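J.: Just dropping this structure here.
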Amino acid sequence: MVAAIVSAVADEKGIEPTALERPLYDVIDSEALDGLFGDTTGTVTFEYLDTVVTVDSDGDVSVRPVPAPAPKP
């Protein structure tokens, strides 16, 4: 799952996975993520390198940019 996340984030940023400036393990415990779902279903969402990463229990990974803050009135 870690490789899929790193690859998806790199794709979103338009760079090679080896060019990511911060390792994933600095943000989330990858071993815990791998074992999280077991017999359950659900999703986990976290921020990594100015992206929002969502991983579901099927192993699907989606990545989108962190939304810009709403303008102040």
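J.: Taking 0.36 nm per intervening residue step and subtracting the Cα-Cα distance, what contour gain separates ASP11 from ASP58 on full extension?
T.: 14.9 nm
J.: Can you compute log10 of I(q)/I(0) for the stretch 2-65 with the Debye formula, treating each Cα as one identical point scatterer, at q = 0.17, 0.28 Å⁻¹?
T.: -0.54, -1.36
J.: Going by alpha carbons, how many degrees (0 to 90, nearest 10) lie between the helix axis of 2-13 and the longest principal axis of the chain?
T.: For helix 2-13, the angle is close to 20 degrees.
J.: Continuing with the same structure: With unit charges on the beta carbon (Lys/Arg positive, Asp/Glu negative), name the residue among ALA32, VAL53, LEU20 whose Cα is farthest towards the positive pole of the charge dipole of the stretch 2-65.
T.: Towards the positive end, the residue furthest out is LEU20.
Here, each number is a calculation from the coordinates, and none is a lab measurement. Computed from a predicted structure; not experimentally measured. All Cβ positions, glycine included, derive from the backbone under ideal geometry; neighbour counts span all protein chains shown.
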